[in-house]
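Some notes on the structure that comes next.
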Amino acid sequence: MSSKFESTVRQINAPQEKVYEMLSNLQNLERVRDRLPEDKLQGLEFDSDSVSVEAPMVGRLALQVVEREEPKTIKFEATQSPVPLNFWIQLLPVTEDTCKMKLTLKADLNIFLRGMVQKPLQEGIERAADVLQNIEY
């Protein structure tokens, strides 16, 4: 059963193109490494197209960029995960100097698993949105 988790829509005080350029190259994660909770994310590794991390209760989680639609969407697919999942970042222009961002996670979860991970996944996607919203673009 497919479950969808979405962040609230966030306003970013930077042009859509600049935000897309930053987020579409995962090597730019180096700039936000110090904002990530070290106790939650062990062994963070990334290159321009993939990211992997040791996550609590999950083990190794690896995501690969599978599609870039400049300047509005970056889609990821899990290459290593306990359940099949996709993740995407959507960007929409508001003005020349601001844009909106929404994060979406879609995972195949059975009813039992969904009950256990629904709250942590929703909180996690909101925390990820917080970090991405507050990057210096």
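The values are calculated or read from the model by the stated rules, or taken from the named source; none is laboratory data. Here the structure is a predicted model, which means the values were calculated and not measured. We place every Cβ from the backbone using ideal geometry, glycine too, and count neighbours over all the protein chains shown. Side chains included, ligands, DNA and RNA excluded: accessible areas come from the protein's heavy atoms. Shrake-Rupley method; radii C 1.70, N 1.55, O 1.52, S 1.80 Å.
Residue check: is Arg114 assigned to a helix (DSSP H, G or I), among the charged types (D, E, K, R) and more than 16 Å from Tyr20 (Cβ to Cβ)?
On the way: assigned to a helix (DSSP H, G or I): yes; among the charged types (D, E, K, R): yes; more than 16 Å from Tyr20 (Cβ to Cβ): yes.
In short, yes.
Taking the residues in the range 1-35 that are without any contact (Cβ under 8 Å) to a residue 60 or more places away in the chain and within 15 Å of Ile74 (Cβ to Cβ) as candidates, determine which candidate is most open to solvent (accessible area, probe 1.4 Å).
From the range 1-35, those without any contact (Cβ under 8 Å) to a residue 60 or more places away in the chain are 17, 21, 24-30, 33-34; that's our starting set.
Next cut, within 15 Å of Ile74 (Cβ to Cβ) only: 17, 21, 24-29.
Values: Glu17: 108, Glu21: 129, Ser24: 16, Asn25: 54, Leu26: 13, Gln27: 101, Asn28: 44, Leu29: 43 Å².
So, considering only residues that are without any contact (Cβ under 8 Å) to a residue 60 or more places away in the chain and within 15 Å of Ile74 (Cβ to Cβ), the one most open to solvent (accessible area, probe 1.4 Å) is Glu21.
Grab the strands (runs of 3 or more DSSP E) fully contained in the range 39-96, keeping just those with 2 or more residues being open to solvent by less than 30 Å² (accessible area, probe 1.4 Å). Give the steps one after another, and end with the answer.
Values: elements: 42-46, 50-55, 59-69, 73-80, 85-93.
Here the list reads 50-55, 59-69, 73-80, 85-93.
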Taking the range 97-111 as the region of interest, how many residues are hydrophobic (A, V, I, L, M, F, W, C) and either open to solvent by 40 Å² or more (accessible area, probe 1.4 Å) or assigned to a helix (DSSP H, G or I) (or both)?
1
Sole miss for Ile125 among (1) in a strand (DSSP E or B); (2) open to solvent by less than 30 Å² (accessible area, probe 1.4 Å); (3) of a type in the set (A, V, I, L, M, F, W, C) is condition (1)
